[in-house]
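Visitor: The structure is given below, and queries will be raised subsequently.
Read-outs throughout are calculated quantities, based only on the coordinates presented, and are distinct from any laboratory measurement. Since this is a predicted model, take the numbers as computed values, not measurements. Because the Cβ atoms are built from the backbone with ideal geometry, glycine has one as well, and the counts that use them run over all protein chains shown.
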Amino acid sequence: MAEPLLSLTNIQKSNGSGFVLSGIDFEQRKGEKIAIVGETGSGKSTLLKIIAGLEQPDQGEVRLLGERVAGPQETLVAGHAGIGYLSQHFDLPKFLRVEQVLRYATHLSDKASRQLNRICRIDHLLARKTHELSGGEKQRIALARLLSSKPHLLLLDEPYAHLDAEMKATLKAVVDDLTHKLNISMILVSHDPDDTLPWADSIVVLRHGTLVQRGTPSHVYHRPANAYAAALFGEFNQLSPAVARKLQTNSVLLVRPEQLRIVRQAKNCVTGTIQAVRFFGNHQTLLIAVRPGRPLLTVWASARQTFRAGDKVKVAYAR
């Protein structure tokens, strides 16, 4: 088996009042895209900084291509030359032209630099000065500057957090192009499932500094380890064992709204009363009471169908 690009072994980090990270282990293959997700305070950014060599773990080690990544307490200059880290609070030298900023940092040939500038959508900005740029433009230039040093691994810490919709779409296109055209290995931290599910090869779920689940986007979405992991990726139903038996979900208790459907008749179904109908354009959400005092079932239905509060319906599990 090929040596992993990145390996983390028993990463521990505490802040004096408790663990920020506890026993984190995982590997990354060359070319693999990993998304790290979790609620605020789950340890995502701390883990990314430890991987980059910018923060010292209390225990454990990070290895890049088999070489241990030293922490800031062990080196004169924090960070690993083979790892590019783009934080939420990136900074560019002030009052320099963009072409100067990139020229001072690059290890690339002229041809490779031109290709990188095209991919990062910054060709038209090269003559501009850094203080004349928007936040999204600065971020793409900071990204190009990182990549011009030819890192083996790129770390992106909430790269879309402070961008408007247009700038976010542009940066997403850049990240996709980096993936497909340059085959760069990446780890991305984000709160938004729209940023992670379509993009990642693998998702790591953190909670209170521990690794809750790791798997493909499809597996983590459809087979979440627990309600916490399920909630990170959108609406879900937590079925009672009795309802799960009636629906024959094969003991699956955490079910997405699209995994349930309204049927005229089915052997394995439950009957309920629609409490509310919410229209979302491409679909509608039905909130259905199956048993008094129990949580409502959330079911997505076609926007072309007609449902009203008070309707009696049958709900089946769509395998």
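Visitor: Do any trypsin sites (Lys or Arg not before Pro) in the stretch 85-140 lie in a loop, going by DSSP, with at most 12 other beta-carbon atoms within 10 Å of their beta carbon, and if so which?
Guide: Values: sites: Lys94, Arg97, Arg103, Lys111, Arg114, Arg118, Arg121, Arg128, Lys129, Lys138, Arg140; in loops: Lys94, Arg121, Arg128.
Listed in order of number, the matching sites are Lys94.
Visitor: As a check on your grasp of the helix formula, calculate [θ] at 222 nm for the chain: sum -39500 (n - 2.57) over DSSP H runs of n ≥ 4, divide by the residue count, round to the nearest 500. Spell out each step's value before the answer.
Guide: On the way: 9 runs with 80 residues, N = 319.
Taken over the chain, the calculation gives -7000 deg cm²/dmol.
Visitor: Between Glu61 and Asn282, how high is the FRET efficiency from 1/(1 + (r/R0)^6) when r is the Cβ-Cβ distance and R₀ = 41 Å? Nearest 0.05. Intermediate results must be reported in sequence, preceding the final value.
Guide: Values: r = 47 Å, r/R0 = 1.15.
Step by step, r from the Cβ atoms, then E = 0.30.
Visitor: Pull up the cross-link candidates among the lysines for Lys138, meaning alpha carbon to alpha carbon under 16 Å and not fewer than 8 places away within one chain.
Guide: Partners within reach: Lys94, Lys129, Lys168, Lys172.
Visitor: For Arg207, list long-range residues whose amide hydrogen, built 1.01 Å from N in the peptide plane, is under 5 Å from its own amide hydrogen.
Guide: Answer set, sorted by chain and number: Val212.
Visitor: Can you list the aspartates and glutamates whose alpha carbon is less than 14 Å from that of Lys181, not counting same-chain residues fewer than 8 positions off?
Guide: Correct list for Lys181: Glu32.
Visitor: Would you work out the charge dipole size for the chain about its Cα centre, treating the Cβ of every Lys and Arg as +1 and the Cβ of every Asp and Glu as -1, and quote it to the nearest 20 debye?
Guide: Values: 41 positive and 29 negative charges, 292 e Å.
It works out to roughly 1400 debye.
Visitor: For the residue pair His219 and Leu92, what label-to-label distance in nm results when each label sits 7 Å from Cα along the Cα-to-beta-carbon direction?
Guide: Spacing of the two 7 Å Cα→Cβ label points: 4.0 nm.
Visitor: Using +1 at the C-beta of Lys and Arg and -1 at the C-beta of Asp and Glu, which of Phe19, Ala169, His131 has the Cα lying farthest in the positive direction of the dipole of the chain?
Guide: Going by the Cα projections, it comes out as Ala169.
Visitor: While we're on this one: Kirkwood hydrodynamic radius (Cα pairs, Å) of the chain?
Guide: 22.2 Å
Visitor: With a sphere of radius 11 Å drawn around the Cβ of Asp195, what net charge do the other residues whose Cβ falls strictly inside it have (Lys, Arg +1; Asp, Glu -1)?
Guide: Working: positive: Lys168, Lys172; negative: Glu158, Asp192, Asp194.
Spelling it out: positives minus negatives among the neighbours equals -1.
Visitor: Then there is this: Report the antiparallel proportion of the DSSP beta bridges in the chain as a percent, rounded to a multiple of 5. Could the numbers behind the result be given before it?
Guide: Details: 42 of 59 bridges.
So the antiparallel bridges amount to about 70 percent of the total.
Visitor: Per-residue HN-Hα couplings for the stretch 227-240, Karplus 6.51 cos²θ - 1.76 cosθ + 1.60 at θ = phi - 60°, whole Hz, x for Gly and Pro?
Guide: Karplus values, whole Hz, x for Gly and Pro: 5, 4, 4, 4, 5, 5, 10, x, 5, 7, 10, 9, 6, 6.
Visitor: Then there's this: Taking the Cα atoms only, what angle lies between the long axis of helix 165-182 and the longest principal axis of the chain, rounded to 10 degrees?
Guide: 70 degrees
Visitor: Could you give me the ³J(HN,Hα) list for the stretch 184-194, computed from phi with Karplus coefficients 6.51, -1.76, 1.60 and θ = phi - 60°, whole Hz, x at Gly and Pro?
Guide: Computed from phi, the couplings for the stretch 184-194 are 7, 6, 9, 10, 10, 9, 7, 8, 9, x, 5 Hz.
Visitor: Hey, another quick one. For Lys13, go through the aspartates and glutamates and keep the ones whose alpha-carbon is under 15 Å away, minus same-chain ones fewer than eight residues off.
Guide: Asp25, Glu55, Asp58, Glu61
Visitor: Right, something else. Based on the Cβ-Cβ distance from Gln248 to Glu39, what FRET efficiency comes out when R0 is 35 Å, to the nearest 0.05? Spell out each step's value before the answer.
Guide: Working: r = 33 Å, r/R0 = 0.93.
According to the calculation, E is roughly 0.60.
Visitor: Pull up all non-local amide H partners of Tyr85: gap of 5 or more, or a different chain, and H-to-H distance under 5 Å with H placed in the peptide plane.
Guide: Here the answer is Leu155, since their amide H atoms fall under 5 Å of that of Tyr85.
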